[in-house]
1. Which residues, counting only those in the stretch 97-140, are part of a loop (DSSP other than H, G, I, E, B) and buried (at least 24 other Cβ atoms within 10 Å of the Cβ)?
2. Residues being within 30 Å of residue 284 (Cα to Cα) and either assigned to a loop (DSSP other than H, G, I, E, B) or in the same structural domain as residue 85 (by TED's automatic domain parsing) (or both): count how many of those fall in the stretch 294-333.
3. Within the stretch 203-242, how many residues are free of Cβ contacts under 8 Å to residues at least 12 places away in the same chain and either surrounded by 13 or more Cβ atoms within 10 Å (Cβ to Cβ) or in the same structural domain as residue 374 (by TED's automatic domain parsing) (or both)?
4. Can you tell me how many residues in the stretch 347-394 are free of Cβ contacts under 8 Å to residues at least 12 places away in the same chain, more than 24 Å from residue 136 (Cβ to Cβ) and in a loop (DSSP other than H, G, I, E, B)?
5. Being surrounded by 14 or more Cβ atoms within 10 Å (Cβ to Cβ), closer than 30 Å to residue 364 by Cβ, touching a strand residue (DSSP E or B) at 6+ places or on another chain (Cβ under 9 Å) and at pLDDT 95 or above is the requirement here; does residue 173 meet it?
6. Can we say residue 397 is outside any helix (DSSP H, G or I) and either surrounded by 14 or more Cβ atoms within 10 Å (Cβ to Cβ) or within 16 Å of the ligand (Cβ to nearest atom) (or both)?
7. In the list 318, 310, 378, which residue meets the criterion of being surrounded by 13 or more Cβ atoms within 10 Å (Cβ to Cβ) and within 16 Å of the ligand (Cβ to nearest atom)?
8. Please go through the stretch 141-152 and give me each residue that is in contact with a strand residue (DSSP E or B) (Cβ under 8 Å, 6 or more places away or on another chain), under 17 Å from residue 186 (Cα atoms) and within 10 Å of the ligand (Cβ to nearest atom), ordered by number.
Ligand SMILES: Cc1cc2nc3c(=O)[nH]c(=O)nc-3n(C[C@H](O)[C@H](O)[C@H](O)COP(=O)(O)OP(=O)(O)OC[C@H]3O[C@@H](n4cnc5c(N)ncnc54)[C@H](O)[C@@H]3O)c2cc1C
């Protein structure tokens, strides 16, 4: 089965063979697209800190980034299993799905909690590729990982909210039309629970004008991320998702999707390092033998592979639960943890295998090494996954 440059739909999944066939076709198609964006394309993007517009545009035009949009809104109506394949393959090819991954996980907020009018307003444009929902604004400098401490405030004034405050590390804002925003609508000390009083909005970035100031943050990777300053930004009431004050719950309910998608990117990264290391260790001859003949070189690569397969097994289990709409919090969190650790382990193995050439830009290892590091701390630092498992899975005492 071939997707012929366009993503298959849910009907293809059920009519033209099993899910496995569709995923295999999807994997092959993404691999094919990625051959047009080889290592030197990503290197150039990285060196000039440019947004990979041509790559994102091709994925958008093929409908891949609208993977989760239901067919009634013009999307292919696929599931998390197919979304995971897309992101994993991009990273396995040496690309960086972080340039466009958010459209998949921000989608959940709108799909699960948006009104029929809101879905009708935004989803067909996203499915058609004319509208980008790539930005997701939660983090604030003074709150850090304690999201309930955010202070950006949306004050209701008649038929609008007026937003004031600041966000940090908000990615892809300069390449998105819409942004999901989490803001307080009741101050923390005036709510009964600390998670109350938070609300979610869809901000139309094209209309924000001077009320939203964007200051790019330079980081060690090519990741368009920004500080945002809101000064009386007006957001129409009809852009609020769900009920006022329930935003924390809405955002949290979409976190499993985010964990699974980023785990898939990390698995792609791990495979990239393992593939490259295996090839290099087989070809590079020192002391009259391929370096991979030495167990000191071979075993770390084998270990990285084993750890990656373990991460995949937990990710696949979590994805399957997610697609069956079963609870999957522990599995989704554990797969993000295992996958990011496996990728980071494999990244270090690749650096060792390539010796000095690991540091040379043209081999592409050092770039991916830097990129793979992100997922140990974002979108949630791995410490919080340990804490989640300790408290909610094992029943250990709450630590914060
Ligand atoms: C490149 C990049 C892109 C990003 N994009 C976005 C985006 O698009 N939207 C968005 O909303 N956010 C984004 N973020 C923010 C990211 O989600 C946060 O950086 C991350 O959640 C960690 O928050 P923090 O940096 O404030 O760390 P902090 O909360 O300050 O934590 C610092 C360290 O202390 C540890 N720590 C803190 N408290 C505890 C505790 N109680 N127990 C154990 N350890 C603890 C953490 O594990 C962490 O290692 C991005 C970040 C980066 C770097």
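1. Selection gives 100, 101.
2. Qualifying residue count, the stretch 294-333: 1.
3. Number satisfying all stated conditions: 2.
4. Number of matching residues: 3.
5. It is true that residue 173 is surrounded by 14 or more Cβ atoms within 10 Å (Cβ to Cβ), closer than 30 Å to residue 364 by Cβ, touching a strand residue (DSSP E or B) at 6+ places or on another chain (Cβ under 9 Å) and at pLDDT 95 or above.
6. Details: outside any helix (DSSP H, G or I): yes; either surrounded by 14 or more Cβ atoms within 10 Å (Cβ to Cβ) or within 16 Å of the ligand (Cβ to nearest atom) (or both): yes.
Answer is yes for this residue.
7. Working: 318 fails: within 16 Å of the ligand (Cβ to nearest atom); 310 fails: within 16 Å of the ligand (Cβ to nearest atom).
Matching residue, one of 318, 310, 378: 378.
8. Kept after step one, since they are in contact with a strand residue (DSSP E or B) (Cβ under 8 Å, 6 or more places away or on another chain), are these residues of the stretch 141-152: 141, 147-148, 150-152.
Filter again for under 17 Å from residue 186 (Cα atoms), leaving 147-148, 150-152.
Once the filter is applied, which keeps residues that are in contact with a strand residue (DSSP E or B) (Cβ under 8 Å, 6 or more places away or on another chain), under 17 Å from residue 186 (Cα atoms) and within 10 Å of the ligand (Cβ to nearest atom), the stretch 141-152 yields 147, 150.
The values are calculated or read from the model by the stated rules, or taken from the named source; none is laboratory data. All values derive from a computational prediction rather than experimental measurement. Virtual Cβ from ideal backbone geometry, glycine too; neighbours counted across all protein chains shown.
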